[in-house]
Number of protein chains: 2
Amino acid sequence: MPATSRPTSRDVAQEAGVSQSTVSLVLGGKWAGRVSPATARGVREAAERLGYRPNQAARNLRLGTTRTVMLMVPTLTAPFFGPVYTGAARVAAGHGFGVVVHVWPDDAGPADSPFAAPHEAIDGILASSMAVDALAGFRGTPAVMLDSDPAGPAPTVEFGVADGMRDLVAHLAGLGHRRFGHVAAAVDQWTFRVRAEALAAAVAALPGGVLARSECAIEATSAREAAARLLARPDPPTALVCDDDLLAAGAYKAARALGLDVPGDLSVTGFDDVLLATALEPELTTVRLPAEELGARGMTALLELLGGGRPRRCVLPGRLVVRGSTGPPRIVL
Amino acid sequence: MPATSRPTSRDVAQEAGVSQSTVSLVLGGKWAGRVSPATARGVREAAERLGYRPNQAARNLRLGTTRTVMLMVPTLTAPFFGPVYTGAARVAAGHGFGVVVHVWPDDAGPADSPFAAPHEAIDGILASSMAVDALAGFRGTPAVMLDSDPAGPAPTVEFGVADGMRDLVAHLAGLGHRRFGHVAAAVDQWTFRVRAEALAAAVAALPGGVLARSECAIEATSAREAAARLLARPDPPTALVCDDDLLAAGAYKAARALGLDVPGDLSVTGFDDVLLATALEPELTTVRLPAEELGARGMTALLELLGGGRPRRCVLPGRLVVRGSTGPPRIVL
DNA sequence: GAGGGGAAGTCATACGTACTACTCGACGCA
DNA sequence: TGCGTCGAGTAGTACGTATGACTTCCCCTC
């Protein structure tokens, strides 16, 4: 064995004075009744001495499985994916699976080149908030989509985004609001389309309901400008419904710039309930999406799929969390 | 070929009426002068028809390399790692390498079980903000540590955290502050230790400088309590130096709860300059750490290491960003 | 017509592991 | 003594790919 390359099971065998088969049996833990305890100990000590670690590529080839699942996300910047990962990894670990994360920006093309993705030595894919066609290049690999269009090719686990939005509007309507502004993420993701549609439908169903819309990037400065445009209208909204919590932070700033008090002069809502929601002042009324459970359920579904089953579509309800950023509209006489 | 398993290069060969070698040559792109254009086209069409995708495990085993690098991070929740990934992935892609992210919580033990980490089919490790001993189980795998103790076993790329902290204190001292409070992250990471030491040293070097410290988790509520404890002291600080931007959000809330204006009655600073910093009101004075460049330089160093070189330690300076959360202390008569 | 040489492919092998099927000896029992 | 059985271990092979060594055929030149 040259000093430069890692020791193999054959090196361990030589060191321990046994055959490679025996090393594999011992280290694989399946030696009961086949190898004497003394020999087994000798093998383990030899492995230890040489610092042996099995070659994963060889294992994977031999076993035909990697017991590794890929979590595909469009970005690492959104804090939302932390809990999703946590839930998925917890379930996976319980079944002896590992999880690697791969970032697949929305603007990347489909994985059409057969050699484009060297990290693909995986058994399955958990794709969160991804465009449907991102999976195009992975045909043949079992996949479950999270928080994505259920009309796509793979089984999905979703949030009850539409219900959450309805609850939000009902809450605001109950406070007396009728004129709404939508600070909308200009991102082509299923979840945002659903949010927009549910919001429009809920407001339309409200007697006297009016909705204006303004788009922005997922970033506070851009959201601030979008909110400012809405507030500059001749008939400004009394409530700003923002597509996520970070956009709501931008709305806060637009309000303050105009000298408007939140929630006295303007109600603001977020969506997702990430850490930021309670860091803001006032704390943000938002819809809590059970992100960790999304990851956990998604992984459960994927493991079922890998086991040959057919997971059913699953919807996790969002829950309205009323905090300090919403209140009755000021009556202008 | 059973319908259930994926087609191999041998299946493609049969479909195209050539040998497996030829398929490998064509799809590997090394057929110039060895295979006729017509045959090559036939092979590619056959591969397309069957939906062939090469088995990565077999490739990896044969080639002895995966051209994949693992980015190890302690959490996905911190927005800080998004840019780090982006920088690393950009450089990696330029060299034909892929990047997978693996989460390794601070409280996880070293990877000592030889079978614990199935995701390890990788050529190298980029470990960001990790405890030094997290690499213990990966001995033999080339690694570069980011934003970690340079006294560790692997080459490092660091931020000039100490310099950044010194600049911050100089800025506050220039405004007239002498009594400082440290809202400190109770996390055993190198970067936080350096921040604490640099802060303590800078304040001690200041004539009349006083420093109080209060610890918290990396989370707004906990930070709020820590800040409140500092502000409840008989001689409360006039400036709160927070270990990162999220903690500063907690400090804001503690201040407002006491009716203190930021920056009129109390100056607050953050660290890192993540998205949140400009979402807060007032916008946060902080130290900008070039996270994307950290990822890029780290990957450059790792690729150098993989190529047999010896990268030098590299320090990326942080830059003070003065925004609206700092001002001269109110003089109490 | 012999022989060189290039174009177009194929053969065979190795990568490191896991595991089935085998060997070999010792022991128990009739 | 002969035979079955069991314990302890090994030989050999397959997983799917990439590639160096080889073959075959045809054309060209002397």
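The values are calculated or read from the model by the stated rules, or taken from the named source; none is laboratory data. Every value quoted in this text rests on a predicted model; they were computed, and no experiment measured them. Neighbour counts run over all protein chains shown; Cβ positions are idealised from the backbone, glycine included. The accessibility values were calculated without ligands, DNA or RNA, using every heavy atom of the protein model including side chains. Shrake-Rupley method; radii C 1.70, N 1.55, O 1.52, S 1.80 Å.
If you go through the stretch B:2-22 one residue at a time, do you hit one that is within 16 Å of DNA strand C (Cβ to nearest atom), open to solvent by 40 Å² or more (accessible area, probe 1.4 Å) and within 12 Å of chain A (Cβ to nearest Cβ)? Among the residues of the stretch B:2-22, at least one is within 16 Å of DNA strand C (Cβ to nearest atom), open to solvent by 40 Å² or more (accessible area, probe 1.4 Å) and within 12 Å of chain A (Cβ to nearest Cβ), which makes the answer yes.
Every residue, every condition in (1) near DNA strand C (Cβ under 8 Å from one of its atoms); (2) more than 30 Å from B:Ala291 (Cα to Cα); (3) modelled with pLDDT under 90; (4) not aromatic (Phe, Trp, Tyr), yes or no:
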site: B:Leu25; (1), (2), (3), (4): yes, yes, no, yes
site: B:Lys30; (1), (2), (3), (4): no, yes, yes, yes
site: B:Gly33; (1), (2), (3), (4): yes, yes, yes, yes
site: B:Tyr52; (1), (2), (3), (4): no, yes, no, no
site: B:Gly64; (1), (2), (3), (4): yes, yes, yes, yes
site: B:Pro79; (1), (2), (3), (4): no, no, yes, yes
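Can you give me the number of residues within the stretch A:60-74 that are part of a helix (DSSP H, G or I) and within 8 Å of another protein chain (Cβ to nearest Cβ)?
Residues flagged as part of a helix (DSSP H, G or I) and within 8 Å of another protein chain (Cβ to nearest Cβ) within the stretch A:60-74 amount to 2.
If only residues of the stretch B:35-50 that are near DNA strand C (Cβ under 8 Å from one of its atoms) and hydrophobic (A, V, I, L, M, F, W, C) are counted, the one that is farthest from A:Arg6 (Cα to Cα) is B:Ala38. Of the set (1) more than 9 Å from DNA strand D (Cβ to nearest atom); (2) open to solvent by 50 Å² or more (accessible area, probe 1.4 Å), all apply to A:Thr66 but (2). When each of B:Ala251, B:Ala217, B:Ala279 is tested for being modelled with pLDDT of 95 or more and hydrophobic (A, V, I, L, M, F, W, C), the lone residue that passes is B:Ala251. Within the set A:Ala151, A:Ala127, the sole residue that is touching a Leu at 6+ places or on another chain (Cβ under 7 Å), more than 14 Å from every other protein chain (Cβ to nearest Cβ) and either more than 16 Å from DNA strand C (Cβ to nearest atom) or at pLDDT below 85 (or both) turns out to be A:Ala127. The numbered conditions (1) more than 8 Å from chain A (Cβ to nearest Cβ); (2) within 13 Å of DNA strand D (Cβ to nearest atom); (3) open to solvent by 20 Å² or more (accessible area, probe 1.4 Å) are all true for B:Ala93 except (2).
The helices (runs of 4 or more DSSP H) found wholly in the stretch A:190-307 and carrying at least 1 residues that are open to solvent by less than 10 Å² (accessible area, probe 1.4 Å), within 22 Å of B:Ala220 (Cβ to Cβ) and without any contact (Cβ under 8 Å) to a residue 12 or more places away in the chain occupy A:276-279. Of all the listed residues (A:Gly42, A:Gly98, A:Gly51), the sole one being within 13 Å of chain B (Cβ to nearest Cβ) and open to solvent by less than 40 Å² (accessible area, probe 1.4 Å) is A:Gly98.
For A:Ala173, the test of being at pLDDT 90 or above, touching a helix residue (DSSP H, G or I) at 6+ places or on another chain (Cβ under 6 Å) and among the small types (Gly, Ala, Ser) is failed. Inside the stretch A:232-249, residues that are within 14 Å of chain B (Cβ to nearest Cβ) and touching a strand residue (DSSP E or B) at 6+ places or on another chain (Cβ under 7 Å) make up a count of 5. Search the stretch B:162-179 for residues being part of a helix (DSSP H, G or I) and open to solvent by less than 40 Å² (accessible area, probe 1.4 Å), and hand back the single one that is farthest from B:Arg297 (Cα to Cα). Going through the qualifying residues, I end up with B:Ala173. Looking only at the stretch B:75-88, residues that are in contact with a strand residue (DSSP E or B) (Cβ under 8 Å, 6 or more places away or on another chain), in a helix (DSSP H, G or I) and facing chain A (nearest Cβ under 7 Å) come to 2 in all.
Residue by residue through the stretch B:262-279, note down the ones that are among the hydrophobic types (A, V, I, L, M, F, W, C) and out of contact with any strand residue (DSSP E or B) (no Cβ under 9 Å at 6 or more places or on another chain).
Selection gives B:Leu275, B:Leu276, B:Ala279.
In the stretch A:126-161, of all residues being free of Cβ contacts under 8 Å to residues at least 24 places away in the same chain and part of a loop (DSSP other than H, G, I, E, B), the one that is surrounded by the most Cβ atoms within 10 Å (Cβ to Cβ) corresponds to A:Gly152.
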